[in-house]
Each structure stands twice: as structure tokens, then as C-alpha cells.
Amino acid sequence: MRENGTGAVHIPSETGVFCLNAIYHDAPSAIRRVPLSELGDSHRLKAGQCRVMEKFYQLRTVPMHPASHEVMLESVVASLAAEWPELRQREGVVIYAKTQTHNTFFDRDWLGSILIRQRLANWDVMTLSLNHCASALSALHLIRQGAVRRNIPIIVLTGEKAFHPEINRFTVGVQGELPVAALFNARHSPWQVTFTAVKHLSRFYNNADNMTRQEKADLNDCLLGELCDFVSHSVRLSGINPEDVDYFVPCNLNLPLLNQMAARLNIGGRLFDGNVADYGHLYCSDVLFNFSSLLKTTSRARNYFCFSIGMGVTLSCALIQHTDI
């Protein structure tokens, strides 16, 4: 444990620690955010549904990417490869973290084609979708647990197209399109992923829209408590005190639930929810995007506890710390 002026930073001795080098996404000024009122055709949002989203989630707009699925993902890989040219001479792994709404394109190696075009031909690719919208942080858990070799660079790639009205609009949010590529282990970095965890509430595997009335009631009764228990227990397991967490960085999902959690855990002033209203839910991209956005305004902070909720129900988290190396 080391004091740094803004709280204690825990430096574990375990080999599961790995570093974060960079996060790439479109500049916020270049992301077109579409007002809810213009999503009638693509998302089949009715006026009443828009009012619910505005009232309960303060949702105003969601991003809609002009490019196709493959092209928009390649755009962030290209930006990363251009600024890290040494990656083209190395071996690495790209993990595409996604929900189970995009089990398409299996008949062609489109991810491999992206890497060939970006001259990353020595890299392997894999996809992770088991945990739905919690898959990005679950991917970090896999890396930290040694499922991927620790001595190679890793890119976690996220972002999906809101291509079908039935999944464009969940009862807890509206889906947006924003690709993100996060680079890990390429070189030494003061940003370390020092703790990860995943928890499954397996009895809620079904989509909420397909649950019985009793199943929905059971989920609503326990989800807040389960989320609070997961966050507080994981923070303790990470080795730092709850008061030493500078920011809690959630997924963009269900703002009333997040506010209730913040009140129960007394973390309201440290919960980052500034992107919910303008970006909606971004599949697996929102936690990485939120963390990247937050860094632009919190240069002195050291401890960021990220967490996400995926249908299933799956809870995933990662503690990202700025350390002195």
C-alpha cells in the first residue's frame, strides 16, 4: 500500500496485474448524437416511450455511426495501429467483446480481414459474448486470470450496430453505436488493472422482456441488493478501502438503479453518470468509453472502480489504478 496524496493505491504482488496503454474511440465532437424523436424508424420508439426514457433516464440522444459494422470497428483499430506502429512487428491477441445480439458473420473471417488490412497479420483473434453487455470487463477478468498469455499485447475491441428494433430499445435504455479499442500490455504503463471479478445470477438468464410477471418482480426485488453487494464486496477484495476509490465508473444502463445504488453505498459524488443522457447504452463499449471520458477531467485521481451489468444476469468489474512506476 502506498500513499499518493489522493488516497491509498494498492499494488498487489500477484502476477495477474496487467497494464492499460491506450483507449481509442471517435472524438466526442465527431460523434453524431441522434435525438430520441428521430429514432422512430430505426428503433420503433413511440412518443410515449421517448417520454419514459427522458423522464426516468434523462436520455436525450444516442450515437448512430454512419459506417457499417466492420468498417466502424476497423476505424478504431486503424487509429490504434497508426499510433502504435511497433505492434505490427509483434504477436498479440484481439478480443472482440460483444453481446449475443451479434452472432452473425460467422461464415467469414471478417475480424481476421481487419487485422490483415491493418498489417497486424501476426495477431490472433477471438470473440467473447457469454456475458452480454458485461463482456468487456469479463474479458479483462479472463486476461488477468491468465486465459491469455500475459507477455503479449492485447486489444479489447467493442461496439455494435443497432440493427434490429427489438434489441434497439430495451426497457432500461436505448442502444447506441460507438466503437472502442483498448490496448493492454504493449509497454510499461502507470495504468494498471489490479483487480477483476465476475458474478452470475444464473436464475435471471432470460431477457427481461420475455420474463413472466413473477420473474420480473423477483429480479426487481433483488437486483439493487445484488449490485450493491457485488460492488462493495469487490472493492474490499481488491485491497483498497471504499473511501479510497476516487470514481465509480458504471455502464450506461438504468440510471434510477445506479442512483439508488449510489445512495445506498454513499458514493453519489463519486459515481460517473455524465454520459448516460447523451449516449445511451453502448452495448459493451460504454464502460471503456466512460473511463476514457472521465480521464480528461480527473488528472489527479488514482483509483477507478469500473463495473457493468449484462443480461444473464452477469456482474463484472475491474479496478484500474494509476501507480508510480
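On the stretch given as the range 203-238, residues that are at pLDDT 90 or above, open to solvent by 30 Å² or more (accessible area, probe 1.4 Å) and not acidic (Asp, Glu) total 4. For the range 249-256, the count of residues that are farther than 17 Å from THR196 by Cα, open to solvent by 20 Å² or more (accessible area, probe 1.4 Å), in contact with a Lys or Arg (Cβ under 9 Å, 6 or more places away or on another chain) and not assigned by the TED database to the domain that holds VAL76 is zero.
Checking each residue in the range 68-79 for being in contact with a strand residue (DSSP E or B) (Cβ under 9 Å, 6 or more places away or on another chain), β-branched (Val, Ile, Thr) and surrounded by fewer than 20 Cβ atoms within 10 Å (Cβ to Cβ) picks out no residue at all. Applying a threshold of 6 Å to beta carbon distances and a minimum spacing of six or more residues, or different chains, the list of pairs starting in the range 226-255 at a residue that is outside any loop (DSSP other than H, G, I, E, B) and ending at one that is open to solvent by 10 Å² or more (accessible area, probe 1.4 Å) and among the hydroxyl-bearing types (Ser, Thr, Tyr) reads LEU255/TYR57. The residue of the range 26-39 that is surrounded by the most Cβ atoms within 10 Å (Cβ to Cβ), among those that are in contact (Cβ under 8 Å) with a residue 60 or more places away in the chain and within 20 Å of PHE163 (Cβ to Cβ), is LEU39. Each residue in the range 288-299 was checked for being at pLDDT below 90 and within 20 Å of SER238 (Cβ to Cβ), and 1 of them qualify.
Does ARG119 fit the bill of being assigned to a loop (DSSP other than H, G, I, E, B), open to solvent by 30 Å² or more (accessible area, probe 1.4 Å) and without any contact (Cβ under 8 Å) to a residue 12 or more places away in the chain?
For ARG119, the condition - assigned to a loop (DSSP other than H, G, I, E, B), open to solvent by 30 Å² or more (accessible area, probe 1.4 Å) and without any contact (Cβ under 8 Å) to a residue 12 or more places away in the chain - is not met.
Residues checked against (1) over 27 Å from ARG187 (Cα atoms); (2) open to solvent by 30 Å² or more (accessible area, probe 1.4 Å); (3) assigned to a helix (DSSP H, G or I):
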{"site": "ASP41", "(1), (2), (3)": "yes, yes, yes"}
{"site": "VAL52", "(1), (2), (3)": "yes, yes, yes"}
{"site": "PHE56", "(1), (2), (3)": "yes, yes, yes"}
{"site": "PRO66", "(1), (2), (3)": "yes, yes, no"}
{"site": "ALA81", "(1), (2), (3)": "no, no, yes"}
{"site": "VAL94", "(1), (2), (3)": "no, no, no"}
{"site": "LEU111", "(1), (2), (3)": "no, no, yes"}
{"site": "LEU115", "(1), (2), (3)": "no, no, yes"}
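Matching residues to (1) modelled with pLDDT under 90; (2) more than 24 Å from VAL276 (Cβ to Cβ):
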| residue | (1), (2) |
| --- | --- |
| GLY112 | no, yes |
| ARG119 | no, yes |
| ALA139 | no, no |
| VAL174 | yes, no |
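Could you tell me whether SER293 is closer than 22 Å to LYS98 by Cβ, assigned to a helix (DSSP H, G or I) and not assigned by the TED database to the domain that holds ASN168? For SER293, the condition - closer than 22 Å to LYS98 by Cβ, assigned to a helix (DSSP H, G or I) and not assigned by the TED database to the domain that holds ASN168 - is met.
Taking the range 108-161 as the range and being touching a Cys at 6+ places or on another chain (Cβ under 9 Å) and among the charged types (D, E, K, R) as the test, only GLU160 passes. Name the single residue that is nearest to SER129 (Cα to Cα) among those in the range 265-290 being part of a loop (DSSP other than H, G, I, E, B) and hydroxyl-bearing (Ser, Thr, Tyr). Per the criteria, the residue is TYR283. Among the residues of the range 302-325 satisfying the criterion of being at pLDDT below 90 and part of a loop (DSSP other than H, G, I, E, B), which is surrounded by the most Cβ atoms within 10 Å (Cβ to Cβ)? Across the range 302-325, the extreme among qualifying residues is VAL313.
The values are calculated or read from the model by the stated rules, or taken from the named source; none is laboratory data. Quick caveat: nothing in here was measured; it's all calculated off a predicted structure. So basically every Cβ, Gly included, is an ideal-geometry build from the backbone, and we count neighbours across all protein chains shown. Only protein heavy atoms, including side chains, enter the accessible area calculation; ligands, DNA and RNA are left aside. Shrake-Rupley method; radii C 1.70, N 1.55, O 1.52, S 1.80 Å.
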